[in-house]
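Everything on this sheet refers to the single structure shown next.
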Amino acid sequence: MASPLPNYAFFKGAIVPFSEAKISVMTHALNYGTGCFEGIRAYWNEDEGQLLIFRQRDHYERLLHSMHLLFMETPYSADDLCGITVELLRHEGYRQDTYIRPIAFKADEIIGVRLHGLHDELAIFAVPFGLYVENDEGAHATFSSWRRISDNSIPARGKITGAYVNSAFAKSEAVLNGYDEAIVLNENGHVSEGSAENFFIVRDGILITPPVTENILEGITRMTIIEFAREELGIETVERPIDRTECYLADEAFFVGTGVQVVAITHIDHRPVGAGHMGPIVRALRDLYFKVVRGQVAKYRHWCTPVYARVSAPAYQPAR
Ligand code: PMP
């Protein structure tokens, strides 16, 4: 399904009509994949009439890290980028769930593969957005025949545009073979992550997820879920390499990420995971996640940035 187009974009230092945010076919990043990006969600809270951006500062810090890996420079701090994003969303006036895409890229119109000595641009746009994986309460995943790129090839902890060709190979293979998502192994044969999401299993009441040294993106949702499990459910997460067949024997399994949110995996390669339906730990984590991102849990409200100025309460009228 085609995404609706935004009305505006932040482009070349200003918020402009979306139709003016254009790049040349000769752009370095288009030719060589020399860009990096983020995916941030904002959630509509109907009761408050408010749009809440989830953990945007963490996303912008990761964007600055990805840029650092690519020898990119920017005049903007993470706080500047947060402010620009709020301004952009106010221009759009969205009153529904939204996906925000900041992207930094090598903007030169030039032939020659390299990272250094080039000029960088940064753009941000935002579109209304719903589910990323349709079967989010009962996904069927498969092990990809593709391997995850290693840190020594293209750093997976950077969210680098060119690296997403690897994700696209894995995702298309899985979907064209009738599955919802791919689980991708690294060159060591251990689980890294999904095509564009981190991965957890539950075995004997403990959460297990690959450590950041297994060629994964250091996901913000991953950290959120580890914190929820520890703080709210009293469940520890062990970060260690995971073998393929451990996944077949897991009690529960799930993907997490800004796009996918929390997706229960109920089958892997035609084997039911646990009882073959969403398990209690995934359910509890999902329920909490959806409350927190909509700003409904006071303890985690500091992760939610309101977009619209608060409407002041009606003035107090003394009863006559
Ligand atoms: N891994 C990959 C490869 C991803 O593209 C994403 C989505 N950005 C994630 C994991 C999840 O990261 P996050 O929770 O920060 O969105």
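No lab work stands behind these numbers, since they all come straight from the coordinates. This one's a predicted model, so the numbers in the text were calculated from it and none came from an experiment. Using ideal geometry, Cβ is built from the backbone for each residue, glycine included, and neighbour counts are taken over all protein chains shown.
Summary table
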| read-out | value |
| --- | --- |
| Candidate set: segment 202-223, residues that are touching a Ser or Thr at 6+ places or on another chain (Cβ under 8 Å) and of a type in the set (A, V, I, L, M); chosen: the one farthest from residue 131 (Cα to Cα) | 206 |
| Qualifying residue in segment 175-182 (condition: within 28 Å of residue 120 (Cβ to Cβ), surrounded by fewer than 23 Cβ atoms within 10 Å (Cβ to Cβ) and not polar (S, T, N, Q)) | no |
| Per-region count, segment 137-154, residues surrounded by 20 or more Cβ atoms within 10 Å (Cβ to Cβ) and part of a loop (DSSP other than H, G, I, E, B) | 2 |
| Filtered residue count, segment 171-212, keeping only those that are within 10 Å of the ligand (Cβ to nearest atom) and in a strand (DSSP E or B) | 6 |
| Subset of segment 213-232 [surrounded by 15 or more Cβ atoms within 10 Å (Cβ to Cβ) and more than 11 Å from the ligand (Cβ to nearest atom)] | 214, 226, 228, 229, 232 |
| Residue within segment 34-44 that is in a loop (DSSP other than H, G, I, E, B), under 16 Å from the mean Cα position of the chain (by Cα) and surrounded by 19 or more Cβ atoms within 10 Å (Cβ to Cβ) present | yes |
| Residue satisfying condition, being buried (at least 23 other Cβ atoms within 10 Å of the Cβ) and closer than 19 Å to residue 205 by Cα, within set 293, 263 | 263 |
